[in-house]
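What follows is a set of notes on a single structure, which appears directly below.
The values are calculated or read from the model by the stated rules, or taken from the named source; none is laboratory data. Quick caveat, the model's predicted, so the values are computed rather than measured. Here the Cβ positions follow ideal geometry from the backbone for every residue, glycine too, while neighbour counts run over all protein chains shown. These accessible areas exclude ligands, DNA and RNA; they are computed on the full protein's heavy atoms, side chains included. Shrake-Rupley method; radii C 1.70, N 1.55, O 1.52, S 1.80 Å.
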Amino acid sequence: MTARVFLFLFLCVAGALAGAFLAGDRGAAAGLGLGALGWFVFESWRGLRVLRWLRAPDTRALPRIGGLWGEAVDRMRRALASREKQHQEAERRLEAFLEAIRGSPNGVVLLDAQGRIEWVNDTAAGHFGLDPQRDQFQHLTNLVRDPAFNAFYQGRSYLHDVIVPAPASSPARPVKLSLRLHPYGEGRLLLLSRDVTAVEQAEIMRRDFVANVSHEIRTPLTVLAGFVETLQSLDLPKEERDRYLQMMGQQAQRMQMLVNDLLTLSRLEGSPLPNQGEWTPLSAFVMQSQQEAQALAKALGKKLDLRFPAAPSVALGGAAGELQSALSNMVSNAVRYTPGGGVVEVRAGEVTPGRFELAVRDTGPGIAPEHLPRLTERFYRVDRSRSRETGGTGLGLAIVKHVAQRHGGELRVESTPGTGSTFALVLPAARVRPLAVTPGGEPAPPATGSAAG
Ligand code: ADP
């Protein structure tokens, strides 16, 4: 500052002296004026340099200038640098925020006041069939023309989630979206979408299951109540009374079997996966199934060729009760559905390296291919009356499938209508090992082996 004042004074004095030297008093006054003007022009030129820099300020190319203007430039540079840093920080935060929303499993669409897409994450793009780059600034309703979606969008209901079929949903592959609109900013909208197909399907399955169980229990219960009423109101002869009581016993047994199978299923779903610590000889499973098959065939009054060849000398690792239950269910089905004179055979062995099969083959009616994918659904029956007549609950194969999956295996079904069926419990190699042999050369006795249901 002082230097500026000195420079100003110096120019005025130098101008006045030069003027006085050249033209006396008048010259001194003119020289003083010229000195002041020179100073003014010089300062204006410096100010213009600063202004020119300010029009497109670049903190890396500062005008080399001192004094007042230099200080002003320096302060402006510092203010600009601090603003630039804040700006970069805000951008970094915004980018991190968008990155998080981009990776969100829920769809997010930001719409401007005119309903144009400002930003859309990949999940929402998938839900609505949009292209995040190409469709930016397009009207959402021009791109998503689904009537259910449009009714929701035009309705502007901000309070509730609405479940609509996704635009790409089809009867073969239904997709349900839960949508929600939130207003924000000045007339802007945030559209959130969530794929709830699995939740919806689980809810439908739960409703169906409750309806099925109620129906399955109501039928024998109605029969039972009818018999009770008859016995209470009529004085029947002893033989008829006994016949009624026997039929009541059958209905009660049917309900008991259903409840037992339901409990088995819920145990299978709710308990931890079986470990391999429990090893049971295969022969123990086969022997018990053989006894059950004989008893069942006798109870049904059927003559069947029941073939239970000697099982390979191996032990199976896992929950013995579950494995027995799976085999018993497959054998029971084969015996129940195969007409008298037919064959039911249980075979076990390694079919391919790493795949051990426990298979039940029968020469029964077989199953048409369209039914095969649905056999393990709860209460799915190919022949409803046949299943009931023979004491089926409709849950047997669901239990087998669960047991197989819990042991890392699967249920394989092969069937030809009119020829017969093969149901096989396929186990991974890790669940099978050669039977330990006692010093006397005999296989070790079974470790355990009770049926679960
Ligand atoms: P269910 O208790 O009715 O037998 P499952 O779940 O065990 O129920 O079997 C489902 C359906 O699969 C049965 O109702 C039957 O129609 C069919 N099924 C199962 N095993 C056989 C078989 N060995 N031969 C023919 N049909 C079978």
Matching option when the condition is touching a residue at least 12 places away in the same chain (Cβ under 8 Å) and near the ligand (Cβ under 7 Å from one of its atoms), among ALA359, ALA334: ALA334
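Counting only residues that are in a strand (DSSP E or B) and of a type in the set (Gly, Ala, Ser), which one in segment 337-351 is farthest from the ligand (Cβ to nearest atom)?
Among residues in segment 337-351 that are in a strand (DSSP E or B) and of a type in the set (Gly, Ala, Ser), the one farthest from the ligand (Cβ to nearest atom) is GLY349.
If you scan segment 362-377, which residues turn out to be in a loop (DSSP other than H, G, I, E, B), without any contact (Cβ under 8 Å) to a residue 40 or more places away in the chain and not acidic (Asp, Glu)? Break it down stepwise before answering.
The initial filter retains those residues of segment 362-377 that are in a loop (DSSP other than H, G, I, E, B), namely 363-368, 375-377.
Subsequent filtering for residues that are without any contact (Cβ under 8 Å) to a residue 40 or more places away in the chain retains 375-377.
Residues satisfying the conditions are LEU375, THR376.
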Filter segment 410-420 for residues that are open to solvent by 20 Å² or more (accessible area, probe 1.4 Å) and of a type outside the set (Val, Ile, Thr); the one that is farthest from the ligand (Cβ to nearest atom) is GLU410
Output the residues belonging to segment 170-183 that are of a type outside the set (A, V, I, L, M, F, W, C) and loosely packed, with under 11 Cβ neighbours inside 10 Å. SER170, PRO171, ARG173, HIS182
Any idea which of (1) open to solvent by 20 Å² or more (accessible area, probe 1.4 Å); (2) near the ligand (Cβ under 10 Å from one of its atoms) is the one GLY354 doesn't satisfy? (2)
What are the residue pairs meeting all of these: first residue in segment 219-238, first residue farther than 20 Å from SER385 by Cα, second residue open to solvent by 50 Å² or more (accessible area, probe 1.4 Å), Cβ atoms under 7 Å, and 6 or more apart or on different chains? PHE227/MET247; LEU231/ARG241
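Looking at segment 195-214, can you tell me whether even one residue there is part of a loop (DSSP other than H, G, I, E, B) and open to solvent by less than 70 Å² (accessible area, probe 1.4 Å)?
yes
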Taking ARG381 as meeting all but one of (1) near the ligand (Cβ under 7 Å from one of its atoms); (2) in contact (Cβ under 8 Å) with a residue 60 or more places away in the chain; (3) open to solvent by 20 Å² or more (accessible area, probe 1.4 Å), write down the number of the exception. (2)
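Against the definition (in a helix (DSSP H, G or I) and either among the small types (Gly, Ala, Ser) or surrounded by fewer than 15 Cβ atoms within 10 Å (Cβ to Cβ) (or both)), how does LEU32 come out, yes or no? Step through it out loud before you land on a result.
On the way: in a helix (DSSP H, G or I): yes; either among the small types (Gly, Ala, Ser) or surrounded by fewer than 15 Cβ atoms within 10 Å (Cβ to Cβ) (or both): no.
Judged against the criteria, LEU32 is not a match.
Suppose we filter ASN121, ASN150 for residues that are surrounded by 14 or more Cβ atoms within 10 Å (Cβ to Cβ) and touching a Lys or Arg at 6+ places or on another chain (Cβ under 6 Å); which single one remains? Break it down into steps so the answer makes sense when it comes.
Details: ASN150 fails: touching a Lys or Arg at 6+ places or on another chain (Cβ under 6 Å).
Being surrounded by 14 or more Cβ atoms within 10 Å (Cβ to Cβ) and touching a Lys or Arg at 6+ places or on another chain (Cβ under 6 Å) holds for just one of ASN121, ASN150, which is ASN121.
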Could you figure out which of (1) of a type outside the set (Ser, Thr, Tyr); (2) closer than 20 Å to LEU273 by Cα; (3) in contact (Cβ under 8 Å) with a residue 24 or more places away in the chain isn't true of VAL413? (2)
Among the residues of segment 153-169, write down those that are without any contact (Cβ under 8 Å) to a residue 12 or more places away in the chain and surrounded by 14 or more Cβ atoms within 10 Å (Cβ to Cβ). SER169
Checking GLY67 against (1) free of Cβ contacts under 8 Å to residues at least 60 places away in the same chain; (2) surrounded by 13 or more Cβ atoms within 10 Å (Cβ to Cβ), which test does it fail? (1)
Tell me, yes or no, whether segment 389-401 has at least one residue that is open to solvent by 50 Å² or more (accessible area, probe 1.4 Å), of a type outside the set (S, T, N, Q) and either away from the ligand (no atom under 16 Å from the Cβ) or at negative phi (or both). yes
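Quick one: would you say PRO165 is more than 21 Å from ILE101 (Cβ to Cβ) and at pLDDT 85 or above? Lay out the reasoning, then the answer.
Values: more than 21 Å from ILE101 (Cβ to Cβ): yes; at pLDDT 85 or above: yes.
Yes, satisfied.
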On the given criteria, is VAL286 of a type in the set (Val, Ile, Thr), within 30 Å of PRO312 (Cα to Cα) and modelled with pLDDT of 90 or more? yes
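Do we find that GLU269 is within 19 Å of GLU322 (Cβ to Cβ) and modelled with pLDDT under 95 in this structure?
Details: within 19 Å of GLU322 (Cβ to Cβ): yes; modelled with pLDDT under 95: yes.
Criteria met by GLU269.
Considering segment 49-58 alone, what residues qualify as being within 57 Å of the chain's Cα centre (by Cα) and surrounded by fewer than 12 Cβ atoms within 10 Å (Cβ to Cβ)? Before the answer, list the steps.
Applying the first criterion (within 57 Å of the chain's Cα centre (by Cα)) to segment 49-58 yields 54-58.
Across segment 49-58, the qualifying residues are ARG55, ALA56, ASP58.
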